[in-house]
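Here's the structure, in structure tokens; my notes come after.
The values are calculated or read from the model by the stated rules, or taken from the named source; none is laboratory data. This one's a predicted model, so the numbers in the text were calculated from it and none came from an experiment. Virtual Cβ from ideal backbone geometry, glycine too; neighbours counted across all protein chains shown.
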Amino acid sequence: MHTLQYTRYYLQHNYYNMSIFDTTIGLIAPHYCIGCSRPGAVFCKECAFGTTQLPSICYVCAKATKAHTPCSVHNSPRALKHVYTALSYEGVAKKLMRAYKFDCKQAASKNIAFVMDLWLPYLEQNSVLTWVPTLPKHVRQRGFDHTKMLAKDFGILRSLKPVATLDRVTSTSQVGANRAQRKAQLKNAFAIRDGAKINSKNIVLIDDVVTTGATIEACTKVLYAAGAASVSVVAFARTP
Ligand SMILES: [Zn+2]
Ligand SMILES: [Zn+2]
């Protein structure tokens, strides 16, 4: 492990204030844009404006739809109302998310939120903004909850304060499994957090990358069972 990475890892696990720490690290070793190598942000605004918006498609089968709804085959009264995804998960979008999640570049959260804000439509102000909870072991490894942080930074841009509504109650990783396997693994993976107010609310769930859709569907099922009026997803990217 690189000395700087180690120092960072060590400090993260000693409960330092991460925003100050991240700023300090930025001064010592500035970020270089993963798109154009310019020093400053992990992903600069110029590169953000240069990304291509993902059109409205069904999140399951990629068929063209209107208003980011599922197609008629994948729609039902208890399906996700809208799945808004900003980009296709390839090229620079993939590099950016991997830098954020696997190189633990926390500063990328604001850059990712910026891209999401850029391409995603207006959300009703009476929506409850929440997020897909990350596996506790991944939060421990990274030193931060990447989806919660994304919800916070996206919420700042949209004047919505995120609230925790879900807990992760099983610890199976989803990497590599297909849609059917993931669905089976995720049965009972999520539960409503004690005290969360879901009944009659329009829920907007933040996720990082939509792959098979099994994770967001598992969350949606629990939220509808708790009385949600509607559930929509806002995600950075969708696996092509
Ligand atoms: Zn750039
Ligand atoms: Zn479909």
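Has region 192-204 got any residue that is buried (at least 18 other Cβ atoms within 10 Å of the Cβ), touching a residue at least 24 places away in the same chain (Cβ under 8 Å) and polar (S, T, N, Q)? Within region 192-204, not a single residue is buried (at least 18 other Cβ atoms within 10 Å of the Cβ), touching a residue at least 24 places away in the same chain (Cβ under 8 Å) and polar (S, T, N, Q). Condition check for L157 on (1) in a helix (DSSP H, G or I); (2) at pLDDT below 95; (3) more than 14 Å from the chain's Cα centre (by Cα): one failure, at (2). In this structure, V60 does not qualify as touching a residue at least 12 places away in the same chain (Cβ under 8 Å), surrounded by fewer than 12 Cβ atoms within 10 Å (Cβ to Cβ), more than 16 Å from ligand 1 (Cβ to nearest atom) and in a loop (DSSP other than H, G, I, E, B). Scan region 76-113 for residues that are out of contact with any Leu (no Cβ under 7 Å at 6 or more places or on another chain), surrounded by fewer than 23 Cβ atoms within 10 Å (Cβ to Cβ) and in contact (Cβ under 8 Å) with a residue 12 or more places away in the chain and the total you get is 17.
Checking every residue in region 120-130 against the condition of being over 25 Å from C58 (Cα atoms) and touching a strand residue (DSSP E or B) at 6+ places or on another chain (Cβ under 6 Å) gives zero matches. Is it the case that some residue within region 194-216 is part of a helix (DSSP H, G or I), aliphatic (A, V, I, L, M) and touching a strand residue (DSSP E or B) at 6+ places or on another chain (Cβ under 7 Å)? Within region 194-216, one or more residues are part of a helix (DSSP H, G or I), aliphatic (A, V, I, L, M) and touching a strand residue (DSSP E or B) at 6+ places or on another chain (Cβ under 7 Å). Among the candidates T51, T85, the residue that is modelled with pLDDT of 95 or more, hydroxyl-bearing (S, T, Y) and within 15 Å of ligand 1 (Cβ to nearest atom) is uniquely T51. Flag: G143 does not match the condition of being loosely packed, with under 15 Cβ neighbours inside 10 Å, away from ligand 2 (no atom under 16 Å from the Cβ) and of a type in the set (G, A, S). Among the criteria (1) within 21 Å of D208 (Cβ to Cβ); (2) modelled with pLDDT under 95, the one S76 does not fulfil is (1). The C-beta contact set for region 30-45 (first residue over 10 Å from A99 (Cβ atoms), second residue polar (S, T, N, Q), distance under 9 angstrom, 6+ apart or interchain) comprises C33/N111; G35/T51; A41/N111; C44/N111; K45/N111. Just one residue in the set S159, S232 is touching a His at 6+ places or on another chain (Cβ under 6 Å) and not β-branched (V, I, T); that residue is S232.
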